[in-house]
Amino acid sequence: MGTVTSCSIMLRRALICRFRSDNESRVEKHLLKAVLPAWRLSVAARPLITFFNRLLLILTMKAWFRGTLVVSTTLYLFLMYSPILLDIKPKAYSLPFRNFSGSLAENHKLDQTEHLFEGILEGPESIVFHEDFLYTGLADGRIVRIEDGKIITVARTGEPCDMPHEERKCGRPLGLRIGKDGLLYICDAFYGIFTMNFTTGVLKCILPSSSLVAGHKLNFPDDLDIDDEGNIYFTDASTKWDLSTIYYLMYEYEAGGRVIRYNMHSGETEVLLSNLNFPNGVQLSRDGNSLLVCEIMNRRILRLHIKGKQKGKVEVFADALPAEPDNIRPSSQGGYWVGFTSARNGTNPLLSDIVAEYTTLKRLYGRFHFLIGSLLVKISEFVGNSAFKAFAYKFNRGDFLLALLRRHGIIMELDENGEILRSFHSPGGSTSALSEVREHKGYLYLGSFVNSYLGRLKL
């Protein structure tokens, strides 16, 4: 009985296992029938899916590219043609260089320059000596005298102000000369031409910048010289740009500069030369028959005949100079000293030389720079912080572009025919960006539009 029961149980289990096995096989068959076509479909569809994925990626990239193209084109058209931005139209130019050889051979003589009153005298552009005292004009509008190692304020061409963002209010004395009448004559970039009494310090504006000369006001009076007949010869650096936009003047290569003669007795003015590229320093020849004119952006010095048979004739006095000539003053050897910005030759041009012919690029950057600068100025006016105002103004004016340029200091002495007699260098730029060289008692006194010191070099 027990045996039968056991056999019965075992048979039942076997039948159940068989039933389960049959059922599982049927389920697997049904699953295979259902899944296999879908799997086969997915395999067949893979190329199609890959195609659509790639198409979607391409369309996405095209949309991004299209958006980028639209934005870039809009920005380009805005920067190039928007009437609300700076009106700057750079012109292409290319100028030759001289090699640093012969009288231009590189040396380190300028590195021996003493820096007097460093950090105190800001921008002593031009220098004169009266009764053995040195006088110079500063960036804040003051005319100062150096006496017994002290800086004494004698006069102001403008009003007390915060620098640099109020420089128009301050005034900016540039070229200085002593007249035959014993007065100091001052070219102020914003206010015009002044005289100053050395004893009293009293200033008198004899030709305001609002004066119209040949239909244009004096936009940028720069340097001057005076003859024995009461004629003042001076440069008006540009009819478009003024001192606050000086870097745009250089950047654009604008030929709106003039040389003007003003007769103090009759009050008459006359344009002697026009269409110059940033005329700056002027110097009457020793015989008084011609006027030497430094043309910064063409890196040359012109000779204008103002008397004699050649009156009115213009010729090149010195050309292909290795830097931009600023002021020109007499030397004790019968020639002329010239101050320069930063020297270079054909093997080491500045960035400004490299991009000189790329007018579209320069226009784009110039207008973009002005846009950002103008926004910074507006923000600074809203914020009201003096330090931020100064930063914004300097950025907008282009000061920080100058800091990017390589500094190679140089001054030169030219003879009466424009040949270079000698040159003093500072290859590392310890003394550079020099606007004027004034020789006095065995020393050269070196002025600068931007340096915060007065240079002195023993000859």
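When the residues of segment 285-317 are filtered to those that are open to solvent by 20 Å² or more (accessible area, probe 1.4 Å) and assigned to a strand (DSSP E or B), the one that is nearest to A92 (Cα to Cα) is R300.
Taken over segment 83-105, the criterion of being within 16 Å of L421 (Cβ to Cβ), open to solvent by 50 Å² or more (accessible area, probe 1.4 Å) and outside any helix (DSSP H, G or I) is satisfied by R98, S101. For segment 434-452, the set of residues classified as open to solvent by less than 20 Å² (accessible area, probe 1.4 Å) and in a loop (DSSP other than H, G, I, E, B) consists of L434, S435, S448, N451, listed by residue number. Which residue is nearest to E167 (Cα to Cα), if the candidates are limited to segment 216-261 and must be open to solvent by 20 Å² or more (accessible area, probe 1.4 Å) and of a type in the set (F, W, Y)? This residue is Y247.
Contact map, segment 430-447: residues that are without any contact (Cβ under 8 Å) to a residue 12 or more places away in the chain paired with residues that are not charged (D, E, K, R), Cβ distance under 9 Å, separation 6+ or inter-chain. Pairs shown: K441/F129.
Scan segment 157-196 for residues that are assigned to a strand (DSSP E or B) and within 22 Å of K394 (Cβ to Cβ) and the total you get is 3. A residue that is open to solvent by 50 Å² or more (accessible area, probe 1.4 Å), farther than 16 Å from F449 by Cβ and aliphatic (A, V, I, L, M) can be found somewhere in segment 174-187.
Give K89, K180, K109 a once-over and let me know the one that is basic (K, R), touching a helix residue (DSSP H, G or I) at 6+ places or on another chain (Cβ under 9 Å) and touching a residue at least 24 places away in the same chain (Cβ under 8 Å).
K89
The values are calculated or read from the model by the stated rules, or taken from the named source; none is laboratory data. Just so we're clear, the structure is a prediction, and the values are computed from it rather than from any experiment. Cβ sites come from the backbone with ideal geometry, for glycine too, and all protein chains shown count toward neighbours. Side chains included, ligands, DNA and RNA excluded: accessible areas come from the protein's heavy atoms. Shrake-Rupley method; radii C 1.70, N 1.55, O 1.52, S 1.80 Å.
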